[in-house]
Amino acid sequence: MAKQKIIIIDNERDFSDANKAALEQAGFEVFVTPDGKSGMDMIKALNPAITIINAMLPDINGFTLCRNLKENDKYAAMPVIIVSSMGTAEPGGYIEHISREHKADAFFEKPVNASDLIAKISVLISSAGPKFKESRAKSKILLVDDDPDFLDATRQILLAHKYDVVTANNGEEGIAKAKIESPDLIILDVIMPGKDGFTTCYELRKFPQTRPIPIIMLTAVGQQLSKPEYGQEIAIDHLADDYIDKPVEMQVLLKKIEKHLLFR
């Protein structure tokens with residue numbers, strides 16, 4: 001039987017090392033990272049059974065990270081424990097109150113008793129159960145492009161990176177599928193027959209169910225303009241979230257996808 005994964009997001013090395021050892025001895029598989037950005041990447045990659053977050057991190061406070069996780073349907077059922085050395089050990093103190101308000105499932109003041117931590121983890125994992133497993137669906141990407149070769153190649157790369165992929169060949173089909181499929185992100189070409197990508201993007205922002213979806217525009221239109229940067233300006237004016245010139249470097253595209261899906 002596979003070990004249950006725990007992620008510790010904490011830049012205090014002594015705490016991380018000591019509790020990693022205790023949790024591994026208790027039979028868990030433990031991963032440690034020192035900041036919120038790498039912690040979120042690790043959560044997406046590993047789908048842990050539980051996450052332990054320090055209240056004070058170098059890039060984002062742990063309260064905000066916890067709240068963002070809890071407001072994300074994919075991670076809302078994952079138990080989160082916040083730990084802190086900012087307050088007092090008195091139960092029900094101000095820092096614990098902030099943790100609860102940011103939807104943490106439990107709070108521990110440092111130094112943490114490893115036995116108490118393990119006991120709380122066991123209770124939280126048991127109570128989360130199937131609900132958390134069901135919530136960890138793959139992110140769905142809608143890819144809209146009239147070039148069949150680009151469409152197929154990009155689809156295969158996204159599938160290899162564990163995304164669900166829906167495709168459309170033009171703007172009208174893209175809008176229709178965005179409404180039906182409710183993707184987590186849309187990748188949209190500009191130059192297409194019929195409705196161009198700029199117009200498609202602008203129209204997607206008019207519908208309540210598609211308005212919040214991040215849109216990355218891909219195009220070679222900059223090569224046809226006297227100033228290539230105008231392509232990006234037009235995309236932003238039409239309410240795109242991001243823009244990449246063709247030919248597309250896939251590593252750049254994948255990084256932008258991760259950025260826009262981070263707290264989706």
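The values are calculated or read from the model by the stated rules, or taken from the named source; none is laboratory data. All figures in this text were calculated on a predicted structure; none of them were measured in a lab. FYI the Cβ positions are ideal-geometry reconstructions off the backbone, even for glycines, and counts take in every protein chain you see.
Pick from 70, 110, 103, 74: which is on the phi > 0 side of the Ramachandran plot and in contact (Cβ under 8 Å) with a residue 24 or more places away in the chain?
103 is the lone residue from the list that is on the phi > 0 side of the Ramachandran plot and in contact (Cβ under 8 Å) with a residue 24 or more places away in the chain.
Of the conditions (1) among the β-branched types (Val, Ile, Thr); (2) surrounded by 15 or more Cβ atoms within 10 Å (Cβ to Cβ); (3) modelled with pLDDT under 85, residue 236 clears all except one; give me its number.
Exception for residue 236: condition (2).
Take residue 8 and decide whether it is under 30 Å from residue 182 (Cβ atoms) and assigned to a strand (DSSP E or B).
no
Just to be sure, is residue 196 touching a residue at least 40 places away in the same chain (Cβ under 8 Å) and farther than 27 Å from residue 74 by Cα?
It is false that residue 196 is touching a residue at least 40 places away in the same chain (Cβ under 8 Å) and farther than 27 Å from residue 74 by Cα.
If you scan the range 62-86, which residues turn out to be buried (at least 17 other Cβ atoms within 10 Å of the Cβ) and either under 17 Å from residue 112 (Cα atoms) or polar (S, T, N, Q) (or both)?
If the condition is that a residue be buried (at least 17 other Cβ atoms within 10 Å of the Cβ) and either under 17 Å from residue 112 (Cα atoms) or polar (S, T, N, Q) (or both), then 62, 68, 72, 80, 81, 82, 83, 84 are the ones that fit.
Give me the residue from the range 112-144 that is within 21 Å of the chain's Cα centre (by Cα) and among the charged types (D, E, K, R) and, out of that set, modelled with the lowest pLDDT.
Here the residue is 134.
Does the range 48-67 contain at least one residue that is at negative phi, in a strand (DSSP E or B) and in contact with a Cys (Cβ under 7 Å, 6 or more places away or on another chain)?
Yes, there is a match, as at least one residue in the range 48-67 is at negative phi, in a strand (DSSP E or B) and in contact with a Cys (Cβ under 7 Å, 6 or more places away or on another chain).
May I ask you to verify whether residue 100 is part of a helix (DSSP H, G or I), within 19 Å of residue 216 (Cβ to Cβ), of a type in the set (D, E, K, R) and modelled with pLDDT of 90 or more?
When the stated conditions are applied, residue 100 does not pass them.
So in the range 145-168, with the set limited to residues that are of a type outside the set (A, V, I, L, M, F, W, C) and buried (at least 17 other Cβ atoms within 10 Å of the Cβ), which one is nearest to residue 45 (Cα to Cα)?
163
For the range 3-55, give me the residue count where each residue is within 20 Å of residue 114 (Cβ to Cβ) and either without any contact (Cβ under 8 Å) to a residue 24 or more places away in the chain or touching a Phe, Trp or Tyr at 6+ places or on another chain (Cβ under 9 Å) (or both).
22
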